[in-house]
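Readers should treat all values here as calculations from the given coordinates under stated rules, not as data from a laboratory. In this text, all values refer to a predicted model and were calculated from it rather than measured experimentally. Here Cβ is always computed from backbone atoms with ideal geometry, including for glycine, and neighbour counts include all displayed protein chains.
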Amino acid sequence: MSLNYDLHSHSCISDGVLSPAQLLARAAERGVDVLALTDHDDTSGLDEARQAAQALGVRLVNGVEISVSWEAQTLHVVGLGIDPQAPELAAGLAQLRLGRRERAERIAAQLARFGIPDSLEGAWRHAGNPELIGRMHFARYLVEIGACKDVQAVFRRYLSKDKPGYVSHRWAGLADAIGWIRASGGRAVLAHPGRYRVGSERMLGLLHEFRDAGGEGIEVVSSSHTPDQYARFARFARDVGLLSSRGSDFHSPEETYRDLGRLPSLPALCVPVWHDWEAV
Ligand code: AMP
Ligand code: MN
Ligand code: MN
Ligand code: MN
């Protein structure tokens, strides 16, 4: 019998809304056998997640989703099977969290210019981790004050590139992020490649660069992808020699379009990123 792998999810340690224990309980209810908790730039939810996973009989994969700047794009690189104590990884993530604080001040200043005062304090009130702030916390605050009806609308109107509350930011380098993941014993997987605005030729260049820097897989089945993109990225993975992953990118029961574990299987031509993991 094949297992239900969901290798991309968020808790309130980054920009999800459930605690790590609540997330694991939901994963168990939804029939997930193997869950990776992959909070943005922070691993401090993994201890609570592991305790809950053991009690529930779900297998937990230690994960993280690292923010990367590559050319003019922001990319996300998921690390699977990492050691959160590994010093290079821990130091790199701590730097990213500091950068997030500084970026949040610039976002708040921009929003103030567009008539929305005090959003830094408002956003922090929505953060479940005093070390990590992101755009989603601003989005929830803007919904709270009635500026928009839901977080998608906030991103459309304020927080996406070229909108009033968007500020550019320098994240980790691609090779650095992959290096931290590998040095911690993990496997680097390019998250939701279908979200990046790059044509086929540059996508091939990105995937080769990712692989040559030590990246091992890409997300093929993701809530960010259409069925056509499952097929497209399955072929990319095969052609470039990358493993394939599957993940819901679950953030919240209300805001997320795909629930935990509720995605199609990987296309048959894929080699799963879990192909050599020991039997559960
Ligand atoms: P940040 O890493 O702080 O820049 O925030 C990125 C996060 O914002 C993503 O991981 C998503 O959770 C969320 N996000 C980005 N774009 C959108 C969107 N269009 N609609 C809803 N959430 C989004
Ligand atoms: Mn997020
Ligand atoms: Mn992402
Ligand atoms: Mn994510």
note = HN-Hα couplings for segment 144-158 via Karplus (6.51, -1.76, 1.60; θ = phi - 60°), in whole Hz with x for Gly/Pro, come out as 4, 8, x, 5, 8, 7, 8, 5, 4, 5, 4, 4, 4, 8, 10
query = Between Rg and the Kirkwood Rh of the chain, both from Cα atoms, what is the Rg to Rh ratio?
reply = 0.95
request  = May I ask you to sort 15, 42 by Cβ crowding, counting other Cβ atoms within 10 Å and putting the fewest first?
outcome  = 42, 15
ask   = Dipole size in debye (nearest 20) for the chain around its Cα centre, Lys and Arg Cβ +1, Asp and Glu Cβ -1?
value = 780 debye
task = Return a whole-number percent for the relative contact order of the chain, with Cα pairs under 8 Å and 6 or more residues apart as the contact set.
result = 20 percent
key: Distance between segment 103-164 and segment 74-89 - C-alpha centres, whole angstrom   = 26 Å
note = From fewest to most C-beta neighbours within 10 Å, the residues 37, 120 line up as 120, 37
query = Which ³J(HN,Hα) values in Hz, rounded to whole numbers, follow from the phi angles of segment 95-103 under the Karplus curve 6.51 cos²θ - 1.76 cosθ + 1.60, where θ = phi - 60° and Gly and Pro get x?
reply = 4, 4, 5, 4, x, 4, 4, 5, 4
remark   = The alpha-carbon center of segment 214-244 and that of segment 253-280 are separated, in whole Å, by 12 Å
note = A correct fewest-to-most ranking of 278, 144 by other Cβ atoms within 10 Å would be 278, 144
query = Hey, got the dipole for segment 97-159? About the Cα centre, +1 on K and R Cβ, -1 on D and E Cβ, debye to the nearest 20?
reply = 260 debye
